[in-house]
Amino acid sequence: MKAFERLDRKLVAHGHILDYYEDTIAVPNGNIAHWDFIKHKGAAAVVPVLPDGRILMVRQYRNALDRETIEIPAGGLNENEDPFECAKRELKEETGYASERMEFLISVNTTVAFCNEKIPVYVAFLDGNQGEQHLDEDEYIKVEPYDLDSLCELIYSGELNDSKTVASILAYKDKYVTNRVNNN
(Lines give C-alpha, C1' and ligand atoms only; values in the text may rest on other atoms or scores of the structure.)
Protein backbone atom coordinates (compact mmCIF):
# COMPACT_ATOMS: atom_id res chain seq x y z
CA MET A 1 0.00 0.00 0.00
CA LYS A 2 1.42 3.42 -0.91
CA ALA A 3 1.12 6.64 1.06
CA PHE A 4 -1.27 9.50 0.52
CA GLU A 5 -0.13 11.90 -2.22
CA ARG A 6 -1.41 15.40 -2.89
CA LEU A 7 -1.84 15.72 -6.65
CA ASP A 8 -3.25 19.24 -6.75
CA ARG A 9 -4.29 22.16 -4.53
CA LYS A 10 -6.63 24.82 -5.95
CA LEU A 11 -7.43 28.09 -4.20
CA VAL A 12 -11.21 28.42 -3.98
CA ALA A 13 -11.44 31.60 -1.87
CA HIS A 14 -9.05 34.04 -0.19
CA GLY A 15 -10.10 35.56 3.15
CA HIS A 16 -8.75 37.93 5.79
CA ILE A 17 -7.48 35.22 8.16
CA LEU A 18 -7.71 32.08 6.08
CA ASP A 19 -7.69 30.69 2.55
CA TYR A 20 -9.95 27.88 1.36
CA TYR A 21 -8.53 25.25 -1.01
CA GLU A 22 -9.72 22.08 -2.71
CA ASP A 23 -7.07 19.36 -2.61
CA THR A 24 -6.92 16.37 -4.94
CA ILE A 25 -5.40 13.42 -3.08
CA ALA A 26 -4.38 9.95 -4.25
CA VAL A 27 -5.32 7.60 -1.41
CA PRO A 28 -3.51 4.30 -0.67
CA ASN A 29 -6.06 2.09 -2.49
CA GLY A 30 -5.52 4.04 -5.74
CA ASN A 31 -8.70 6.11 -5.60
CA ILE A 32 -8.71 9.88 -5.97
CA ALA A 33 -10.30 11.98 -3.23
CA HIS A 34 -11.24 15.67 -3.12
CA TRP A 35 -10.74 17.19 0.31
CA ASP A 36 -11.31 20.69 1.64
CA PHE A 37 -8.32 22.44 3.19
CA ILE A 38 -8.35 25.66 5.20
CA LYS A 39 -4.98 27.43 5.45
CA HIS A 40 -4.87 29.62 8.56
CA LYS A 41 -2.35 32.46 9.06
CA GLY A 42 -1.58 31.31 12.61
CA ALA A 43 -2.48 32.49 16.10
CA ALA A 44 -1.34 32.51 19.72
CA ALA A 45 -3.13 32.46 23.06
CA VAL A 46 -2.44 33.05 26.72
CA VAL A 47 -3.74 31.82 30.09
CA PRO A 48 -3.51 34.96 32.29
CA VAL A 49 -3.17 34.10 35.99
CA LEU A 50 -3.79 36.75 38.64
CA PRO A 51 -1.72 36.80 41.87
CA ASP A 52 -4.65 35.21 43.76
CA GLY A 53 -4.74 32.28 41.29
CA ARG A 54 -7.85 33.31 39.39
CA ILE A 55 -7.67 33.19 35.60
CA LEU A 56 -8.73 36.10 33.41
CA MET A 57 -11.15 35.09 30.68
CA VAL A 58 -12.63 37.14 27.89
CA ARG A 59 -16.30 37.10 26.99
CA GLN A 60 -17.02 38.01 23.38
CA TYR A 61 -19.51 37.46 20.58
CA ARG A 62 -18.53 34.83 18.02
CA ASN A 63 -20.28 35.08 14.68
CA ALA A 64 -19.78 31.42 13.72
CA LEU A 65 -21.72 30.33 16.81
CA ASP A 66 -24.06 33.37 16.91
CA ARG A 67 -23.48 33.75 20.65
CA GLU A 68 -21.03 34.95 23.26
CA THR A 69 -18.23 32.65 24.38
CA ILE A 70 -15.87 32.51 27.33
CA GLU A 71 -12.27 32.11 26.14
CA ILE A 72 -8.67 32.73 27.02
CA PRO A 73 -7.23 35.79 25.24
CA ALA A 74 -6.01 34.92 21.75
CA GLY A 75 -5.52 36.38 18.33
CA GLY A 76 -4.05 35.98 14.90
CA LEU A 77 -0.41 36.44 14.08
CA ASN A 78 0.59 39.54 12.21
CA GLU A 79 2.87 39.01 9.20
CA ASN A 80 6.25 37.62 10.36
CA GLU A 81 5.20 37.88 14.03
CA ASP A 82 6.61 35.49 16.60
CA PRO A 83 3.83 33.58 18.49
CA PHE A 84 5.27 34.60 21.89
CA GLU A 85 5.11 38.28 20.89
CA CYS A 86 1.60 37.76 19.55
CA ALA A 87 0.48 36.27 22.88
CA LYS A 88 1.99 39.24 24.79
CA ARG A 89 0.28 41.67 22.41
CA GLU A 90 -3.11 39.95 22.66
CA LEU A 91 -2.90 39.84 26.47
CA LYS A 92 -2.33 43.60 26.57
CA GLU A 93 -4.92 44.44 23.89
CA GLU A 94 -7.72 42.26 25.23
CA THR A 95 -7.21 42.53 29.01
CA GLY A 96 -5.06 45.61 29.61
CA TYR A 97 -2.51 43.48 31.49
CA ALA A 98 1.15 42.88 30.72
CA SER A 99 3.33 40.16 32.17
CA GLU A 100 7.02 39.97 32.98
CA ARG A 101 6.75 36.17 33.36
CA MET A 102 5.30 34.13 30.52
CA GLU A 103 5.96 30.45 29.89
CA PHE A 104 5.06 28.10 27.05
CA LEU A 105 2.23 25.74 28.02
CA ILE A 106 0.99 23.73 25.00
CA SER A 107 0.39 23.91 21.28
CA VAL A 108 -3.08 23.13 19.92
CA ASN A 109 -4.14 22.21 16.38
CA THR A 110 -7.79 23.22 16.52
CA THR A 111 -9.43 21.34 13.65
CA VAL A 112 -7.12 18.69 12.21
CA ALA A 113 -9.60 17.21 9.71
CA PHE A 114 -9.54 20.22 7.38
CA CYS A 115 -7.55 23.14 8.84
CA ASN A 116 -3.87 23.72 9.69
CA GLU A 117 -4.55 26.30 12.44
CA LYS A 118 -1.94 25.90 15.17
CA ILE A 119 -2.10 27.89 18.40
CA PRO A 120 0.86 28.00 20.77
CA VAL A 121 -0.48 28.79 24.26
CA TYR A 122 1.47 30.51 27.02
CA VAL A 123 0.82 31.10 30.72
CA ALA A 124 1.19 34.70 31.90
CA PHE A 125 1.66 35.31 35.61
CA LEU A 126 0.24 38.78 36.24
CA ASP A 127 1.32 41.26 38.89
CA GLY A 128 -2.17 42.69 39.34
CA ASN A 129 -1.57 46.04 37.59
CA GLN A 130 -4.16 46.45 34.85
CA GLY A 131 -3.92 49.10 32.18
CA GLU A 132 -6.32 50.00 29.38
CA GLN A 133 -7.64 47.55 26.81
CA HIS A 134 -6.67 48.32 23.21
CA LEU A 135 -9.44 46.61 21.26
CA ASP A 136 -9.87 46.49 17.51
CA GLU A 137 -12.67 48.61 16.07
CA ASP A 138 -15.01 45.61 15.87
CA GLU A 139 -14.05 43.96 19.20
CA TYR A 140 -16.30 44.10 22.25
CA ILE A 141 -14.62 42.11 25.01
CA LYS A 142 -15.53 41.85 28.67
CA VAL A 143 -12.74 40.65 30.98
CA GLU A 144 -13.88 38.32 33.76
CA PRO A 145 -11.78 36.55 36.46
CA TYR A 146 -12.67 32.93 37.29
CA ASP A 147 -11.31 30.48 39.81
CA LEU A 148 -10.02 27.24 38.32
CA ASP A 149 -12.75 25.05 39.82
CA SER A 150 -15.45 27.24 38.26
CA LEU A 151 -13.76 27.02 34.86
CA CYS A 152 -13.58 23.22 35.13
CA GLU A 153 -17.29 23.12 36.02
CA LEU A 154 -18.06 25.25 32.94
CA ILE A 155 -15.97 22.90 30.78
CA TYR A 156 -17.66 19.73 32.05
CA SER A 157 -21.15 21.28 31.82
CA GLY A 158 -20.49 22.12 28.16
CA GLU A 159 -20.90 25.86 28.64
CA LEU A 160 -17.21 26.51 27.98
CA ASN A 161 -16.40 24.56 24.82
CA ASP A 162 -13.83 26.53 22.85
CA SER A 163 -11.18 23.92 22.03
CA LYS A 164 -8.08 26.05 22.67
CA THR A 165 -9.53 27.22 25.97
CA VAL A 166 -10.58 23.77 27.18
CA ALA A 167 -7.19 22.26 26.33
CA SER A 168 -5.30 25.19 27.85
CA ILE A 169 -7.23 25.34 31.12
CA LEU A 170 -6.89 21.59 31.68
CA ALA A 171 -3.18 21.66 30.74
CA TYR A 172 -2.63 24.58 33.12
CA LYS A 173 -4.37 22.67 35.90
CA ASP A 174 -2.26 19.54 35.26
CA LYS A 175 1.04 21.40 35.06
CA TYR A 176 0.72 24.13 37.67
CA VAL A 177 -1.94 22.95 40.13
CA THR A 178 -1.92 19.16 40.35
CA ASN A 179 1.75 18.98 39.27
CA ARG A 180 1.19 15.90 37.11
CA VAL A 181 3.44 17.31 34.40
CA ASN A 182 7.22 17.33 34.78
CA ASN A 183 8.15 21.02 35.15
CA ASN A 184 11.83 20.57 34.24
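Exactly one residue out of LEU65, LEU56 is aliphatic (A, V, I, L, M), surrounded by fewer than 16 Cβ atoms within 10 Å (Cβ to Cβ) and either out of contact with any Gly (no Cβ under 6 Å at 6 or more places or on another chain) or touching a residue at least 60 places away in the same chain (Cβ under 8 Å) (or both): that is LEU65. Looking only at the stretch 90-119, residues that are closer than 29 Å to ASN179 by Cβ and of a type in the set (Lys, Arg) come to 2 in all.
For the stretch 165-183, filtered to residues that are among the basic types (Lys, Arg) and part of a helix (DSSP H, G or I), the residue that is surrounded by the fewest Cβ atoms within 10 Å (Cβ to Cβ) is LYS175.
Look at ASP162 and say whether it is surrounded by 14 or more Cβ atoms within 10 Å (Cβ to Cβ) and either more than 21 Å from ALA44 (Cβ to Cβ) or of a type in the set (Asp, Glu) (or both).
Answer is yes for this residue.
You will find that of ASN78, ASN29, the residue that is at pLDDT below 95 and farther than 30 Å from PHE4 by Cα is ASN78 and no other.
The values are calculated or read from the model by the stated rules, or taken from the named source; none is laboratory data. It should be emphasised that the depicted structure is a prediction, and the values quoted were computed from it without experimental measurement. Don't worry about glycine lacking a Cβ; one is built from the backbone with ideal geometry, like all the others, and counts go over all protein chains shown.
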